[in-house]
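Read through the structure below, which is laid out as structure tokens, and then see the notes.
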Amino acid sequence: MNRRRSKKRVVITLLFILYMILFLFAVLIMDRSIKDEYQYNLVLFDEIKRYFRYRELVGNWIFLRNILGNVVGFIPLGMFWPYVFPKMKNPVLVTLVCFECSLVIEVIQLTFKIGSFDVDDLLLNTVGGILGCITYYVWMAVWRRIHVQKKQ
């Protein structure tokens with residue numbers, strides 16, 4: 001591996017670590033209060049339908065923050081993971097990692113009563129990870145095509 005590639009890998013790895021720290025802070029600490037009871041949703045699409053149904057009452061910002069926030073928050077994980085861990089570039093593995101990370105966060109929220117365990121969040125987070133993985137592969141294909149054209 002040449003020096004330039006090595007520096008790029010270090011920078012991307014540091015960005016990945018920074019993303020993870022900021023993401024975990026935002027999800028587990030920021031705007032969280034300890035609740036008295038366990039809160040959970042085990043019915044797929046139940047919370048999504050509820051947010052959609054009452055979006056005018058709770059406001060579009062809350063609706064978008066919940067739905068899009070769960071997707072967008074995991075896009076970087078799906079993008080960074082294949083680059084930082086090259087032996088785990090398989091899209092199925094990246095999807096499983098995103099699901100597992102989401103599951104860990106949901107279980108922490110439930111266990112410490114700082115949020116709610118929500119299967120809809122598992123789905124939305126995993127979709128975000130998949131979109132990030134797709135973005136990674138599209139970016140790498142474009143990158144390779146550009147470099148092949150430069151060499152010709």
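The values are calculated or read from the model by the stated rules, or taken from the named source; none is laboratory data. All values reported here derive from a predicted model rather than from experimental measurement. So basically every Cβ, Gly included, is an ideal-geometry build from the backbone, and we count neighbours across all protein chains shown. Note: accessible area is taken over every heavy atom of the protein model, side chains too, but ligands, DNA and RNA are not part of it. Shrake-Rupley method; radii C 1.70, N 1.55, O 1.52, S 1.80 Å.
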Here the FRET efficiency for Tyr137 versus Arg5, based on Cβ atoms and R0 = 25 Å and rounded to 0.05, is 0.85
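Rounded to the nearest 500 deg cm²/dmol, what is the calculated helix-only ellipticity per residue at 222 nm for the chain, with -39500 (n - 2.57) per DSSP H run of length n ≥ 4?
-26500 deg cm²/dmol
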Test of understanding: extend the Cα→C-beta vector of His147 to 7 Å, then name every residue of the stretch 1-16 with backbone N under 19 Å from that spot.
1-14
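Taking the Cα centre of the chain as origin, sum charge times position over the Cβ atoms of Lys and Arg (+1) and Asp and Glu (-1), and report the length of that vector in debye to the nearest 20.
1540 debye
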PRE zone check, label point 7 Å out along Cα-to-Cβ of Leu42, amide N under 16 Å, scope the stretch 119-150, hits 119-122
Using DSSP H assignments, which helices in the chain have an axial alpha-carbon span of 24 Å or above and a mean Kyte-Doolittle hydropathy of -0.5 or higher?
3-28, 60-84, 91-111, 119-151
Give the ranking of Leu68, Leu24, Leu77 by solvent-accessible surface, highest area first, calculated with a 1.4 Å probe.
Leu68, Leu24, Leu77
Mind grabbing the accessible area of Phe25 for me, 1.4 Å probe, Å², rounded to tens?
100 Å²
How do Glu56, Glu106 rank by accessible surface area computed with a 1.4 Å probe, from largest to smallest?
Glu56, Glu106
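So with the 1.4 Å probe, I'd like the accessible area per residue for the chain, rounded to whole Å².
Details: 10610 Å² over 152 residues.
I get 70 Å² per residue for the chain.
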Which value in nm describes the separation of the simple spin-label points at Arg65 and Lys87, placed 7 Å from the Cα toward the beta carbon?
4.1 nm
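Taking all protein chains in place and a 1.4 Å probe, what share, in percent, of the accessible surface of the stretch 36-99 do carbon and sulfur account for?
Values: 2900 of 4490 Å².
Carbon and sulfur together cover 65 percent of it.
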So for R0 = 30 Å, FRET eff. of Lys35-Leu96 from the Cβ-Cβ r, to 0.05, ends up at 0.50
